[in-house]
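Read through the structure below, which is laid out as structure tokens, and then see the notes.
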Amino acid sequence: MKEELIKKLSDAVVDMEEDETVEISKQCVENNINAYEAIDKGLANGMNRAGELYEEGEYYIPELLMCSDAMYAGLDVLKPHLKKDENEVKEKVVIGVVQGDTHDIGKNLVRIMMETEGFEVIDLGRDIHPIDFVEKAKEVGASIIVLSTLMTTTMDGMAEVINILKSQGLKDKIKVMIGGGPISQSYANKIGADGYTTDASKAAKFARALINKMDNNLTSSNIESV
């Protein structure tokens, strides 16, 4: 039952069926399926599949937007049922899409997963100048900055954020995670990012591991691959 509903949820997003996505999301809740898993393996999986169809030229921007409408409709149903540890002291994360890019579907998924993981997430939105990430992180006392982009032309903004942190002597205090379609582990290594993951749920788990590493003053090799 669980696997079938989650697969139907993913398919409904890919098929741009907003009403069906809502109905299946409600069925997931009624059947006590973990909301985090339904979002991750259902809604997010469907959106990832839609992104692949876009890259292959089978879907275009209108189709992608309709898929995202279906995904967000499902999120509205499932998000209130996410389990959170209200007693845990929340580490702060600043997240946003780098300057020049307005694609925020992936960023929004990462934000939701990180909130579920117990982080307090400050979402700056889209098209954010590098210095604004740093200033906001300093203002709120954030431990991590998360940068997203889907465009190769805006990737340099990620490196600029890291360079600003270095110039202000903050690189050891504020970690940087990056992600998005054109991003790779080799690019993360090249610019000195502290983390790169391929999807939203892995990003949330990696952020938690990164915080644990900072708390325990361990070497980066002690963070298990997620």
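The values are calculated or read from the model by the stated rules, or taken from the named source; none is laboratory data. Note that the structure is predicted; figures quoted are calculated from it, not measured. Neighbour counts run over all protein chains shown; Cβ positions are idealised from the backbone, glycine included. Calculation scope for accessible area: heavy atoms of the full protein, side chains included, ligands and nucleic acids excluded. Shrake-Rupley method; radii C 1.70, N 1.55, O 1.52, S 1.80 Å.
Which of the residues belonging to region 136-159 are surrounded by 14 or more Cβ atoms within 10 Å (Cβ to Cβ) and either among the polar types (S, T, N, Q) or part of a helix (DSSP H, G or I) (or both)? Before you say what the answer is, go through the steps one by one.
In the first step, residues of region 136-159 are kept if they are surrounded by 14 or more Cβ atoms within 10 Å (Cβ to Cβ); the result is 136-138, 142-151, 154-159.
The answer is 136, 137, 138, 143, 148, 149, 154, 156, 157, 158, 159.
Is at least one residue of region 59-73 at pLDDT 90 or above, outside any helix (DSSP H, G or I) and surrounded by 21 or more Cβ atoms within 10 Å (Cβ to Cβ)? So far as region 59-73 goes, no, none of its residues is at pLDDT 90 or above, outside any helix (DSSP H, G or I) and surrounded by 21 or more Cβ atoms within 10 Å (Cβ to Cβ). Residue 44 passes every criterion in (1) open to solvent by less than 10 Å² (accessible area, probe 1.4 Å); (2) touching a Phe, Trp or Tyr at 6+ places or on another chain (Cβ under 9 Å) apart from (2). Once region 105-128 is narrowed to residues that are modelled with pLDDT of 90 or more and on the phi > 0 side of the Ramachandran plot, the residue that is surrounded by the fewest Cβ atoms within 10 Å (Cβ to Cβ) is 125.
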